[in-house]
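Student: Sharing a structure below in structure tokens format, with a few things to ask.
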Amino acid sequence: MGTRICLVALVAGMAAVAAGCGGGSKSGSSTTTTTAAGGGGSGSCSGTVSLGMMAPITGPAGSIGSDQLHWAEFFVTQWNADSSNSPKLKIVQGDTQLDPAKASTVAQQFASNKAIVGVIGPAGSDEVSPAGPVLKKAGLAFASGSATRVSLTSGEWKGYFFRNVPNDGVQGPTDSDYMMKKLGVQSGDTVMIVDDQESYSTGLADIVQKELKGKGVTVDRESVSQKATDFSSLVAKVGSSTKVVFVPFQIASEAQLFAQQLKSQGKTAVVFGSDGTFDSSKFKAEGSYISFFAPDVTTLPADKTTVAAFHKQFPGGTSPFGAPNYVLAQAYATAISAACKNGSATRASVRQQLAKVNLHTTILGTPLRFTANGDVAGAKFHVFKIQSGGKYVTVY
């Protein structure tokens, strides 16, 4: 990310971690500023253990980040409410606004906060790169529920970085296969691919381009800024042989603008977005498609009770960006409990136990265990179609 907003700025240096848009006080979550010395953190197995949460709680992707935060907080609420669970957990919020520089600042704060034994996040692939070295040096595990760039698990942070969503190496083939098998793209046809010049977008675009070219499809590769609003020159290049326009953007409203301008010029090519465009309030062009790394838990019968309880604590909508963070909190709780049974919940022991986590069932409808490199085992992507009224429906 993908991508998947109260404006609170983070000042430079050791700034205060920004507060989320609601829900913190009733869910074992806090916003803190700390200047304690870094490294060697641990939590009390007889008291409360803290987890850092790095997400774009405010800013352009705030609707995504606040949802991620709320699902992690929701798990913590459930865990803490059960008297048999020990130790208790607390979420420390870190608002990155999907900005790599802010992610680095938050990582430094978490590294220096001795109470934090593990981190959920960062949310975006572009944020992992600057935050990763800081978190690794501090001995912290960091597990993302939305960072999908393939290279993140190439070995640089092995044993430290984990993710419970599939990487772009799974998404690219899924998207190209769906275009060929379901959207009528054939050898000799054209697919336009438009990246947004950020590493997540260009990386996924590269994979899809390679897959399509290998099947005889002509690829028109284009690039725009995330701040672009006028796509008329690109839309003019969409000809009758162009069956699909693939837009792996991180800003959903940008995909909506592209789709609107495509329609206004009378073009019939199908718009196909990726993770960052999954926002039914901002991208609602009927007939468009989106691939996503997680299912919509609100449609899974087994999750009906859990979803109802989530909405009671956090009224309003939710998206598939949120639930993977519930599962990561669950994985950390499992790891922390195991570490405490073996002595104490230090950053090192939690990191080691997290790598061993094996959850047989999760609210995502799949088990969770990590590969040696930190990827989720047995991963798959899902495809949604936008129907009338902006309703997202799972089609694969």
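The values are calculated or read from the model by the stated rules, or taken from the named source; none is laboratory data. Every value quoted in this text rests on a predicted model; they were computed, and no experiment measured them. FYI the Cβ positions are ideal-geometry reconstructions off the backbone, even for glycines, and counts take in every protein chain you see.
Student: Looking at the range 101-116, I want the residues that are under 15 Å from Ala348 (Cα atoms) and not assigned by TED's automatic domain parsing to the domain that holds Tyr160 and have a partner that is part of a helix (DSSP H, G or I) and not aliphatic (A, V, I, L, M) with Cβ atoms under 7 Å, at least 6 apart or on another chain. Which pairs are those?
Tutor: Close Cβ pairs satisfying both conditions: none exist.
Student: Follow-up question, since we're still on this one. May I ask you to list the residues in the range 154-183 that are in a helix (DSSP H, G or I), surrounded by 23 or more Cβ atoms within 10 Å (Cβ to Cβ) and in contact with a Lys or Arg (Cβ under 9 Å, 6 or more places away or on another chain)?
Tutor: Of all residues in the range 154-183, those in a helix (DSSP H, G or I) come to 168-182.
Subsequent filtering for residues that are surrounded by 23 or more Cβ atoms within 10 Å (Cβ to Cβ) retains 168, 171-172, 175-176, 179.
Result: Asp168, Gly172, Ser176, Met179.
Student: Evaluate the range 98-113: report whether one residue or more is of a type in the set (Phe, Trp, Tyr), surrounded by fewer than 24 Cβ atoms within 10 Å (Cβ to Cβ) and touching a strand residue (DSSP E or B) at 6+ places or on another chain (Cβ under 9 Å). Break it down into steps so the answer makes sense when it comes.
Tutor: Let us first name the residues in the range 98-113 that are of a type in the set (Phe, Trp, Tyr), namely 110.
Checking which are surrounded by fewer than 24 Cβ atoms within 10 Å (Cβ to Cβ) leaves us with none.
Taking every residue of the range 98-113 in turn, none turns out to be of a type in the set (Phe, Trp, Tyr), surrounded by fewer than 24 Cβ atoms within 10 Å (Cβ to Cβ) and touching a strand residue (DSSP E or B) at 6+ places or on another chain (Cβ under 9 Å).
Student: So, of the residues in the range 277-292 that are within 12 Å of Gln256 (Cβ to Cβ) and small (Gly, Ala, Ser), which turns out to be surrounded by the most Cβ atoms within 10 Å (Cβ to Cβ)?
Tutor: Of everything passing the filter in the range 277-292, Ser288 is surrounded by the most Cβ atoms within 10 Å (Cβ to Cβ).
Student: Of all residues in the range 222-231, which are surrounded by fewer than 13 Cβ atoms within 10 Å (Cβ to Cβ) and of a type outside the set (Asp, Glu)?
Tutor: Ser225, Lys227, Thr229
Student: Collect the residues in the range 195-233 that are part of a helix (DSSP H, G or I), touching a strand residue (DSSP E or B) at 6+ places or on another chain (Cβ under 8 Å) and among the charged types (D, E, K, R), keeping them in residue-number order.
Tutor: Result: Lys213, single match.
Student: Filtering the range 53-73 down to residues that are in a helix (DSSP H, G or I) and in contact with a strand residue (DSSP E or B) (Cβ under 7 Å, 6 or more places away or on another chain), which residue is farthest from Thr277 (Cα to Cα)? Don't jump to the end; show me each part of the working.
Tutor: Filtering the range 53-73 for residues in a helix (DSSP H, G or I) gives 62-73.
Retained after the next criterion (residues that are in contact with a strand residue (DSSP E or B) (Cβ under 7 Å, 6 or more places away or on another chain)): 65, 68-69, 72-73.
Working: Gly65: 14, Gln68: 16, Leu69: 19, Ala72: 22, Glu73: 24 Å.
Step by step, filter the range 53-73, then rank; the result is Glu73.
Student: Moving on. Determine whether the range 376-384 contains at least one residue that is outside the structural domain of Leu262 (by TED's automatic domain parsing) and closer than 19 Å to Pro122 by Cα.
Tutor: For the range 376-384, residues outside the structural domain of Leu262 (by TED's automatic domain parsing) and closer than 19 Å to Pro122 by Cα: present.
Student: Enumerate the pairs (first residue in the range 150-173 and over 19 Å from Pro295 (Cα atoms); second residue anywhere and of a type in the set (Lys, Arg) and modelled with pLDDT of 95 or more) with beta-carbon separation below 6 Å, excluding pairs fewer than 6 apart on the same chain, so at least 6 apart or on different chains.
Tutor: The qualifying pairs are Trp157/Lys136; Tyr160/Lys136.
Student: Still on this structure: Looking only at residues in the range 232-248 that are over 29 Å from the mean Cα position of the chain (by Cα) and farther than 23 Å from Glu198 by Cβ, which one is surrounded by the fewest Cβ atoms within 10 Å (Cβ to Cβ)?
Tutor: Restricting to residues being over 29 Å from the mean Cα position of the chain (by Cα) and farther than 23 Å from Glu198 by Cβ, the top hit is Ser240.
Student: Against the definition (surrounded by 24 or more Cβ atoms within 10 Å (Cβ to Cβ), of a type in the set (Asp, Glu) and over 26 Å from Pro87 (Cα atoms)), how does Glu127 come out, yes or no?
Tutor: Taking the combined requirement at face value, the residue satisfies it.
Student: Sticking with this structure for a sec: Condition first: surrounded by 17 or more Cβ atoms within 10 Å (Cβ to Cβ) and among the small types (Gly, Ala, Ser). Now tell me which residues in the range 325-347 satisfy that. Talk me through it step by step, then tell me what you get.
Tutor: We begin by selecting, within the range 325-347, every residue surrounded by 17 or more Cβ atoms within 10 Å (Cβ to Cβ); these are 325-340, 345, 347.
Listed by number, the residues that qualify are Ala329, Ala331, Ala333, Ala335, Ser337, Ala338, Ala339, Ala345.
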